[in-house]
Structures are given as structure tokens and as C-alpha cells.
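Contents: one structure, followed by commentary.
The values are calculated or read from the model by the stated rules, or taken from the named source; none is laboratory data. Keep in mind that what you see is a predicted model, and the values were worked out from it rather than measured. Cβ: placed from backbone, ideal geometry, glycine included. Neighbour counts: every protein chain shown.
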Amino acid sequence: MVDVEDRVGSLLELVHITKTYQGPEGGVSALDDVSIAIEEGDFAAVMGPSGSGKSTLLTILGAMNPPTSGKMYVDGIDVYGLSVERLADFRKRYLGFVFQQHQLIPYLTAAENVMLPLVICECDGSKRAMAERALERVGLAGMGGRLPNQLSGGEQGRVAIARAVVNEPVIVLADEPTGALDSQTGEEIMALFKQLNDDGHTIVMVTHNHENAAHAKRIVCLKDGRLPEAEEASPGAYCIK
Amino acid sequence: MRILAIALNNLRRRKGRTLFQALGLLIGIAAVVTLVAVTTAMRADLEKKIDEFGSNLVIVPKANDLSLSYGGITLPNTAGAKYLREKDAALIRTIPDGESINVVAPKLLAPVEADARRLLMVGVLFPEELRAKKWWRLRGTKPTAPDQVIVGANAGSKLGVRPGSPIEVNGEKFQVAALLRPTGSSEDDLIFADLHRTQNLLGVPGKVSMIEVSAWCSSCPIERIVAQTAYVLPSAKVTAVKQAAAARKTTVDLVTKFSLGIAGAVLAVGALIVFTTMMASVSERTREIGVFRAIGFRKRHVMKIFFFEILLLSLLAGAAGFVVGTGGAQLLAPRLAGAAVSVRWDPLVAAGAIVLALVIGFGASWYPARRASQLDPVEALRSL
Ligand SMILES: Nc1ncnc2c1ncn2[C@@H]1O[C@H](COP(=O)(O)OP(=O)(O)OP(=O)(O)O)[C@@H](O)[C@H]1O
Ligand SMILES: [Mg+2]
């Protein structure tokens, strides 16, 4: 299902994406004609007021929320042209997720949580060793045996990041990864993302926090489900003010 | 790590919930195992009883003046008595189905005066008799000398004798070797003595009143044996005894049907518990499922997690249900069906219990697991 249109320019491209949710009182427009290109090695911060469609944008990028109209291309693949199960395979191969609230599985140890994406991969080599390496990368060497409730919020965040990168995904998506953390810990997590980006990971992160956004290479600013006009002239201006 | 490990860790690290989930199924399986084991034991006991009572023949002289009763069989009055010859007993083994004949026990019945009371004395060949009467429990020793007798429970208390007591029968001296524990039959009122000693006492050497025959099995061709025996003993009347066993069979059949009904109801409740706990588990784990799906688990991977869990739970509940159920049956069976009933650890029942647990476990969690796999990851992750 590879789309061979001439879209080799960007790693990821959203083209005229619109998303309307079916609410009780008719359709709720969450995104309205949004087009974005993300380059390999990018670090984009998605900002905007509450309800502006940031999470919607992220789940569409995350290949789990089919847009009402518009297309998404990754590596030339028309992502939403794939079947539901193929979408799952796509997520497995291309994407790493860091969820708000970390979303660690409570009955799995840190190492087992990190190994989750490897459970379904046809990867060779010791999965445990890969998990240990990922934990090392986020500064949690030797803590793989702990259950999530034996870890601090910041440590849980690190485990979540290790889980997102363990299978070396092309793009890492994060929805307010520091939302539940104090500013000190949040800063450490951001430094980690910066490090991942320096190591070559492409990152798209939703955040409310300007300091966090400062780590990003670019800011995607949303307002009422649109990219404001001003965005084109001076990127991020609307959100930074 | 594999998908099985996810399921295993969930069960392992949430022991309380696992136990609760398994318990519904376990109780259902245990109840069924108990009921099946008890009714099976009752059936086995019945088969044994049919062997003991049911397949017996009673051979009496073709006589008319009916008045004495023994073991539910009416016997010719001794007054107009005709006897069978003791030798006839040997003929019975010569019939074509002689293989199936287990015990041939000739008897001489004699109304006697024992310690000034009128009682019925039965002359028997003790070795044969004791082999035929497997349900006899003696208090005392087996008779070894011709003048030693076994006294039925009621007769014993009427006479006020105990093992070792001397008694006088028709003016001759005998000794009580043993008392018979109550059997609930007419045997309780009898005195059993040596056949030849009794013949001498009555002055009828070589004669017997009846011959009891016990065949080997519950399914022997009893009608055929009756016919063949009647053929070799033309002057005798041959009857098969079945009534007691038949009556009991009706009861056991009824109990079996009733048990099956109860077992069905208990299993339905067990299935319902599995279903509701699985449904609760799915909604409780919605976010988790969202994470799995987002990471790239396919629907069938998510189903696999739930199915592995139910597989492990069912195996656990099936095995434990078998142990608890059989243990329960061992406690219950003697109370429900008499001391003689015993319940074995039956590997077939174990296999049945596990298969049943699997069928019910999977049957009841099919829908919840499917629902889990069809959760939309975006929706699932929103329910924070
Ligand atoms: N599943 C849904 N069904 C109906 N409406 C939805 C759904 N998801 C989002 N919306 C609506 O779409 C709009 C955008 O929501 P979204 O969650 O993307 O905003 P957001 O920018 O992430 O907000 P926040 O900063 O509060 O997280 C909102 O008006 C929201 O109510
Ligand atoms: Mg949001």
C-alpha cells in the first residue's frame, strides 16, 4: 500500500486534515484544514489553548484517529489508506508514544513495560538486553525490576520514554509528558527528549509549557483547530506572544 | 517477554482479583465434581448391591403350603415339608453358564426352641455363607466347630447372649461364636448354625430347605441361569431376586437427575461470575488496552492476553475444583449414601473438570475479550 506520489521531501506530511467529532449536539470541529510537514530529525512542540485540537492532532499523527478528510503520508505511505490491523502494524514500526500520565502497565515491572513494544516485534537479539539498554539511556540502569508504584513520577516518565524508544521508532509522539511533574523533574524529562532528538529521533510533543517548548526546534501553534495565519510569517508567534 | 508473560504477570501480581475470578469458576466446578462423584459412588454401590442381592437365585422345593418367609421369599411350611437334597447343590455348577456362578449356599430352615423362645434356625455351610453375605459384619469370631452359631442382632438381644455365651437349642448345647451386626433384614431375627449339625438336630440328614445362588456380576444372563438351573433341578422352583435393587435404582436415578439439575444451575452461576468479572476487568483495563493498541498490538494480540488469562484461570479453577470437589464428595458420600460408599481420585473426572472449566471459562469470556480487542485506542486513552 505504498503511495508512490512524489512526497519524498518530508518524513511526515499532513495534507488538509479536518477532524469533526460526532457530539450529542451535532459535529464538533476539532481540526480544520491543517497541513503540516515534519522533517526527519525535527523536534516540534504543539502548543495552543485548551480545546484547540492538540491531542486530536497528536492522535492523528499517531495513526489511531482517522481524520474526517485529508491525508497523512509517512515515508510515502498513505497512512489512513491502511486497514485497521495494518495501522497497528504501522504504529509498531514507525511510532513511539509517551502518554500523558505515562500510562505504565501497573502489573508489569519497569523492564517489562519497556519490553512491551518488543512483545510483538520480529526483532532478533535479547529483548531484555534491549530493554536494559533503553532504561540505561533514560538514566534508570538497574531499576528495571521495580513495579510502577515503586517509582517516583519522574522515574515513571523516564520508563515511559524508554518504552517509546526501545524499538527505535522513526517518530516519537508525546502528549504533555511533563504535565504531571514538578518543574524540576519536568526539566529533566525535557533534557532527555532533547538528548533523544540529538541522537536522531524525530519528536512531536504537545505541551502547555513555554519553557518546555523552548527545547523544541519549532513550534506548531493551534487555535480553534487551525494554524493561525500569522504562523506562516513567524512560526510560533501566536503561541509565544 | 511474550504475550503469555503479560497475562501471567497480571494474574500473579494481582492475586486478590485473580483469586476472586477463579473462585466463581472453582466453586461451580467443585460442585459439579462433588455431585458427579457422589452419584457415581452411589451407582457403584448400587452395582455392588445388585451383585450382592440382585443377581441371586433362590431355589426351593416345588411345594405349596406357603407360610414361612425368609429374606422376602416365602418358603414351604416345614409341616408339609418337602426338602431339596444337599447333593442338588453340586448340580447347579454343572449348568452351561456355571462360570458365572459364584457361591452356592444350601440352607436348612428349622423353627426351634432356643433358651425357651421360638426362633428360626438356619443351617448353613459357613464358608459358603460368609462368602455370599459380603455385607455381614460379625461381632465375635467365625464359627470353627459344628456346635458354634452366629446369632442375628435381634435374636441376640432377645436371648441376651454375647459372643462366647452358651445357648440351648431344642435341648442340645450350642455356643455363640459371633453376633451379627444389624443388617436391617430378616437375618437379624435368625440363628445361623452348621448345616450338618442342624440336619442332625432335625433328624433330616442330607436335606436342605433351599439353595441360595449368587452369580458373579450385575449383568450376568440371570434369566438364562434361572432356566438352566430349573432344567437340572426339575423338582425345584428357581426364582431370581431383584426387587430390592430395582427399588434402590429408582432412587439413585432420581438423585442423579436432581444432581444434574443442580450442577447445571451452579455452572450457569459460575459462568455468569466469570462473565461479569471479565467485563469488569475489561472496563477497568480500558486505558491499558488503549496503550497496547497504540503501541501496535493487533486486535488478536489483545484477545490473546485475555484468552491466556482465562486459560490459566480455567486450568487453575478446574484443577482446584477437582481437588475440592472430590474432597467434598469423600466427606459427603458416606453421609448421603451409606458408609460403604467410597469416592476415588479419578483421573477421568480430573480431565473432565479441567475441560469443563475451559469450556465455561472461554464461553463466558469470549464476548468480553472481543469487546476489549475492539476498543478504539483513542477512546480508550481518553478515559483518563
Ligand atoms: N472523542 C471526542 N468526541 C467528541 N469531541 C471531542 C473528542 N475528542 C476531542 N473532542 C473535542 O475536540 C476539540 C479538541 O479536543 P482536543 O482534545 O484535541 O483538545 P486539546 O487541545 O488537546 O485540549 P487540552 O489542552 O485541554 O488537552 C475539543 O472541543 C473537544 O471537546
Ligand atoms: Mg489534550
Among the residues that make up the stretch B:179-188, is at least one of them among the acidic types (Asp, Glu), surrounded by 15 or more Cβ atoms within 10 Å (Cβ to Cβ) and at pLDDT below 90?
yes
Identify, please: which residue in the stretch A:28-47 is within 9 Å of ligand 1 (Cβ to nearest atom) and more than 20 Å from residue A:172 (Cα to Cα) and is, among those, surrounded by the fewest Cβ atoms within 10 Å (Cβ to Cβ)?
A:28
Please specify each residue of the stretch A:150-186 satisfying the condition of being part of a loop (DSSP other than H, G, I, E, B), within 16 Å of ligand 2 (Cβ to nearest atom) and small (Gly, Ala, Ser).
A:179, A:180
Scanning the stretch B:274-301 for residues that are facing another protein chain (nearest Cβ under 10 Å), in a helix (DSSP H, G or I) and either more than 23 Å from residue A:174 (Cβ to Cβ) or without any contact (Cβ under 8 Å) to a residue 60 or more places away in the chain (or both) gives B:288, B:292, B:295, B:299, B:300, B:301
When both residues are 6+ apart or on different chains and their Cβ atoms are under 6 Å apart, which pairs have a first residue that lies in the stretch B:354-367 and is within 16 Å of residue B:321 (Cβ to Cβ) and in contact (Cβ under 8 Å) with a residue 60 or more places away in the chain, and a second that is among the small types (Gly, Ala, Ser) and surrounded by fewer than 24 Cβ atoms within 10 Å (Cβ to Cβ)?
B:360/B:271; B:364/B:271
Checked the stretch A:21-65 for anything within 13 Å of ligand 2 (Cβ to nearest atom), more than 16 Å from residue B:378 (Cα to Cα) and part of a strand (DSSP E or B); matches are A:46, A:47
May I ask you to list the residues in the stretch A:101-123 that are more than 7 Å from every other protein chain (Cβ to nearest Cβ) and among the polar types (S, T, N, Q)?
A:109, A:113
Do any strands (runs of 3 or more DSSP E) entirely within the stretch B:31-118 hold 3 or more residues that are modelled with pLDDT of 80 or more, and if so, which?
B:56-61, B:101-114
Could you list, in sequence order, all residues of the stretch A:49-71 that are in contact (Cβ under 8 Å) with a residue 12 or more places away in the chain, closer than 27 Å to residue A:191 by Cα and under 16 Å from the mean Cα position of the chain (by Cα)?
A:53, A:54, A:55, A:56, A:57, A:58, A:60, A:61, A:62, A:63
Somewhere in the stretch A:204-222, is a residue touching a Lys or Arg at 6+ places or on another chain (Cβ under 6 Å), within 16 Å of ligand 2 (Cβ to nearest atom) and within 14 Å of chain B (Cβ to nearest Cβ)?
yes
Top-ranked residue of the stretch A:130-149 - restricted to ones that are part of a helix (DSSP H, G or I) and within 12 Å of chain B (Cβ to nearest Cβ), ranked as farthest from residue B:10 (Cα to Cα)
A:130
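Table: residues versus (1) small (Gly, Ala, Ser); (2) over 17 Å from residue B:267 (Cβ atoms); (3) in a helix (DSSP H, G or I).
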site	(1), (2), (3)
B:323	no, yes, yes
B:329	yes, no, yes
B:335	no, yes, yes
B:342	yes, yes, no
B:348	no, yes, yes
B:353	yes, no, yes
B:356	no, no, yes
B:361	yes, no, yes
B:365	yes, no, yes
